[in-house]
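Remarks on the structure that follows.
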Amino acid sequence: MTISLEELQLAARNHGMPLEALRYDLTPVGLHYLLIHYDIPVVDPAAWRLQVGGLVERELSLGIDELRTWPAVELVATMECAGNGRARLEPRPVSQPWLHEAVGTAAWRGVSLPALLAEAGVRDEAVEVVFTGLDRGIEGEIEQRFARSLPVAEAAAGEAVLAYEVNGQPLPPQHGYPLRLVVPGWYGMANVKWLASIEVVGEPFSGFQQAAGYRWRTDETDPGRPLTRMLPRALMVPPGIPEFMTRHRTLETGSVVLEGRAWSGIAPVERVEVSVDGGRTWGDARLGEAPSRWAWRPWWFEWEAEPGECELRCRAADGAGNVQPDEPQWNVGGYANNATQRVPVTVRRRTLA
């Protein structure tokens, strides 16, 4: 598999969460996955204002200090890139080459989006709400600002937050300073960073990231469907120790507690299963409590490791009946690949001290 220089540039600018960080309820900010489409805007907080307009009764223009006087809400949410797992598809779609690590969970603090829209007064003919960031670039030969929309019902009645803090500190530049949108349960592309404007519109948004990018397409002629909520996924902390280049795991015989996290943006995770023999047999993991409805759930599985080579797997099922597949479903953009994680492991006999 060859990675192009262009993909290497993307991989150097963006980063995934090391899987050992699954041990944290809240991902430390520097370990949370990061995807930046264009450049990181440099924002003067004294000059920045959020513009709210379109099909509203009252247009709003709010500075960051004004937003901080509004009642604050906190949302603990797991966020995953829609392209997570793309690099494991065959043939591999050419883009940011994610493996499994494009995920993180954080506590986002800010203003309730429904409360802000209620203050503006959404008119009856409204269909969608468009969120536009300050980041600008060219994609699909179109010069644009990154923009995405939500249905009015999701924006006005959901639990989305206009966040100015993450894990108790101001948003860092790479995570959208001074304000970003956080939409619980949705893939990362919906969580617009460096938010500049909110516009309520009376027809479906036709911007590039909605109409062309971030769509599930079976082939180049398929118009596709927009990506929305995260499919269920379980990930484990790779046990033992890694080989430097390959990351192949080695551990000693005996009792091992496998651990990880599981989430779904559709319905709460109700079951996690683990296989230690490459998917031939499965056993139920023990589940812990999630930090919130929208955050990942911890799990543990006790394993008596015996000498030899084995492949570990884990899979999640949510309350809506969705279960992780063993094999990925190929699509043009390499999106929503929630096939089960596979961790090859060498178990060697315990050495005597």
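The values are calculated or read from the model by the stated rules, or taken from the named source; none is laboratory data. This one's a predicted model, so the numbers in the text were calculated from it and none came from an experiment. Glycine also receives a Cβ, built like all others from the backbone with ideal geometry; neighbour counts cover every protein chain displayed.
Worth pointing out:
- Failed item, numbered, when residue 223 is tested on (1) over 29 Å from residue 329 (Cα atoms); (2) without any contact (Cβ under 8 Å) to a residue 12 or more places away in the chain: (1)
- Of all residues in the stretch 82-95, those being more than 19 Å from residue 296 (Cα to Cα) and part of a loop (DSSP other than H, G, I, E, B) number 7.
- Considering each residue of the stretch 24-37 in turn, at least one proves to be out of contact with any Ser or Thr (no Cβ under 9 Å at 6 or more places or on another chain), exposed (fewer than 15 other Cβ atoms within 10 Å of the Cβ) and at pLDDT 95 or above.
- Here the condition is being surrounded by fewer than 20 Cβ atoms within 10 Å (Cβ to Cβ), under 15 Å from residue 325 (Cα atoms) and in the same structural domain as residue 305 (by TED's automatic domain parsing); of 278, 254, it holds for 278 alone.
- Among all residues of the stretch 258-272, there is none that is in contact with an Asp or Glu (Cβ under 7 Å, 6 or more places away or on another chain), over 27 Å from residue 77 (Cβ atoms), at pLDDT 95 or above and not aliphatic (A, V, I, L, M).
- For the stretch 117-150, a residue qualifies if it is of a type outside the set (A, V, I, L, M), part of a strand (DSSP E or B) and touching an Asp or Glu at 6+ places or on another chain (Cβ under 6 Å), and the qualifying residues are 146, 149.
- Within the stretch 1-18, the set of residues being β-branched (Val, Ile, Thr) and closer than 9 Å to residue 97 by Cβ comprises 3 only.
- For the stretch 229-257, the tally of residues that are outside any loop (DSSP other than H, G, I, E, B) and either touching a Cys at 6+ places or on another chain (Cβ under 8 Å) or β-branched (Val, Ile, Thr) (or both) stands at 7.
- Subset of the stretch 265-289 (residues that are free of Cβ contacts under 8 Å to residues at least 24 places away in the same chain and part of a loop (DSSP other than H, G, I, E, B)): 280, 281, 288, 289
- Scanning the stretch 53-81 for residues that are farther than 24 Å from residue 36 by Cα, of a type in the set (A, V, I, L, M) and assigned to a strand (DSSP E or B) returns 56, 60, 62, 72, 73.
- Of all the listed residues (98, 108), the sole one being within 24 Å of residue 26 (Cβ to Cβ), under 17 Å from the mean Cα position of the chain (by Cα), touching a residue at least 12 places away in the same chain (Cβ under 8 Å) and part of a strand (DSSP E or B) is 108.
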